[in-house]
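Encoded as structure tokens, the structure appears first; notes follow it.
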Amino acid sequence: MIKYKTVQTDVVSRIRKDLAGSVDEKTKNSCSRFFKEEVKCYGVKSSVVGKIAKDYFKELKNAGQADKKNIFFLCEELLQSDYCEEAYIAFEWAYQVRAEYTEADFSVFEHWVENYVNNWAKCDTLCNHAVGSFIEKFPPYIENLKLWTQSDNRWIRRASAVTLVLPARKGLFLPEIFEISDLLLTDKDDLVRKGYGWMLKEASKPHLQEVFDYVMKNKKEMPRTSLRYAIEKFPEDLRAKAMEK
């Protein structure tokens, strides 16, 4: 059994050592192509990062140290480095303890979005899974997502939409999805536009007619980027109607 203090003090440093030793030059050189902003990446393949996340979580679990309090503490430690790979591990771990979420955790997730999310990959990794699961468990907090649409921070605005991507795929929260889309409808930021377009695309899978009607009602105002994302899974005839000028 690994003692508590050993796990607490050295797991993050061992993860960082493993990441630094797993750099793939091709991956490192291609990192900047996926982002418009400058990002910090070791340059480790996503499959390797995923395995590191899984292996260390298993170690923590076997040591009796995978409770939410400890995991959130370690997530905070990982996030402070600003490396994309460490953020991925943190957000994956946060999702793994979703059964323990309480309403108080919303402030933790909001703090992470405000302070550590600075590119679309971090935004989507955190919000698609951990925050989306939180909203499914505590639906009243969807009101907070509506407030996020008014933020000056582009990543918080994107988060308001991409948090609902997986719930949308399940057919959940359709009225709120349309309300958030209304609030983001003419957003000036391309990545926010893509975010709410993606949310609508997922909602169209269980609610095709409703999303089609929404798009037709709003297509004159809706940026073409959002429109193209939203209608991607429409049947060809509906897609053609939506694209008509």
Report, by residue number, each residue of the range 169-224 that is aromatic (Phe, Trp, Tyr) and within 23 Å of the chain's Cα centre (by Cα).
-> Phe173, Phe178, Tyr196, Trp198
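Which one of Val113, Val108, Val12 is under 29 Å from Trp148 (Cα atoms), in a helix (DSSP H, G or I) and touching a residue at least 40 places away in the same chain (Cβ under 8 Å)?
Criteria check complete, one pass: Val113.
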Is it true that Tyr116 is more than 23 Å from Phe173 (Cα to Cα), open to solvent by 50 Å² or more (accessible area, probe 1.4 Å) and aromatic (Phe, Trp, Tyr)?
-> no
Where a residue in the range 49-61 is closer than 10 Å to Ile15 by Cβ and of a type outside the set (A, V, I, L, M) and its partner, wherever it lies, is open to solvent by 70 Å² or more (accessible area, probe 1.4 Å) and assigned to a helix (DSSP H, G or I), with Cβ under 9 Å and at least six apart | Tyr56/Arg14
May I ask you to say which residue of Tyr83, Tyr4 is among the hydroxyl-bearing types (Ser, Thr, Tyr) and either open to solvent by less than 70 Å² (accessible area, probe 1.4 Å) or at pLDDT 95 or above (or both)?
-> Tyr83
Out of (1) touching a helix residue (DSSP H, G or I) at 6+ places or on another chain (Cβ under 9 Å); (2) of a type outside the set (Val, Ile, Thr); (3) in a helix (DSSP H, G or I); (4) open to solvent by less than 70 Å² (accessible area, probe 1.4 Å), the one Gly64 does not meet is (3)
Applying the selection to the range 215-239, what residues are open to solvent by less than 60 Å² (accessible area, probe 1.4 Å) and either farther than 22 Å from Asp189 by Cα or not basic (Lys, Arg) (or both)?
-> Val215, Asn218, Met222, Pro223, Thr225, Ser226, Leu227, Ala230, Ile231, Phe234, Pro235, Leu238
Go through the residues of the range 42-52 one by one and say whether even a single one is in contact with a Cys (Cβ under 9 Å, 6 or more places away or on another chain), open to solvent by less than 60 Å² (accessible area, probe 1.4 Å) and closer than 14 Å to Lys122 by Cβ.
-> yes
Could you say whether any residue in the range 71-78 is under 22 Å from Val23 (Cα atoms), more than 18 Å from the chain's Cα centre (by Cα) and open to solvent by 50 Å² or more (accessible area, probe 1.4 Å)?
-> yes
Would you list the helices (runs of 4 or more DSSP H) that sit entirely within the range 127-203 and hold 3 or more residues that are open to solvent by less than 40 Å² (accessible area, probe 1.4 Å) and out of contact with any Phe, Trp or Tyr (no Cβ under 9 Å at 6 or more places or on another chain)?
-> 142-148
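The values are calculated or read from the model by the stated rules, or taken from the named source; none is laboratory data. Everything quoted here is computed from the prediction, not taken from an experiment. Positions of Cβ are generated from backbone atoms using ideal geometry, with glycine treated the same way; all protein chains shown enter the neighbour counts. Each accessible area value is taken on the protein alone, full model and side chains, heavy atoms only, with ligands, DNA and RNA left out. Shrake-Rupley method; radii C 1.70, N 1.55, O 1.52, S 1.80 Å.
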